[in-house]
Amino acid sequence: MCVADASVSPMVVDQMSGKTPGKILAILRDDAHTTIPEMASAIGVTERTIERKISELQSQGMLERAGPAKAGHWKVAESNK
């Protein structure tokens with residue numbers, strides 16, 4: 001696993017075992033303002049992979065975007081916290 005981005009805390013990286021969607025949720029629980037490039041760097045996948053997985057999480061009701069595109073934040077569904 002590549003952890004090149006210091007914006008993702010070491011505690012979250014330790015929790016990121018498993019598949020990419022779980023890793024995304026762990027990162028966003030820690031910091032809802034984390035960007036797609038930051039997540040991609042922390043997990044070690046492409047930005048497009050993060051975009052695809054976020055879309056899947058949104059369609060499953062596990063994740064939603066609140067606020068405007070650039071200044072908004074992510075909300076993880078209560079059942080996934």
| Residues that are within 16 Å of LYS19 (Cβ to Cβ), assigned to a loop (DSSP other than H, G, I, E, B) and of a type in the set (Val, Ile, Thr), drawn from segment 30-57 | VAL45, THR46
| Of everything in segment 58-81 that's in a loop (DSSP other than H, G, I, E, B) and touching a residue at least 24 places away in the same chain (Cβ under 8 Å), which residue is farthest from ARG29 (Cα to Cα)? | MET62
| query | Looking at VAL45, VAL13, VAL8, which is the one that is more than 16 Å from GLU78 (Cα to Cα), at pLDDT 95 or above and surrounded by 14 or more Cβ atoms within 10 Å (Cβ to Cβ)? | reply | VAL45
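The values are calculated or read from the model by the stated rules, or taken from the named source; none is laboratory data. Keep in mind it's a predicted model, so treat the numbers as computed, not measured. Methodologically, a virtual Cβ is constructed for each residue, glycine included, from the backbone with ideal geometry; neighbour enumeration extends over all protein chains shown.
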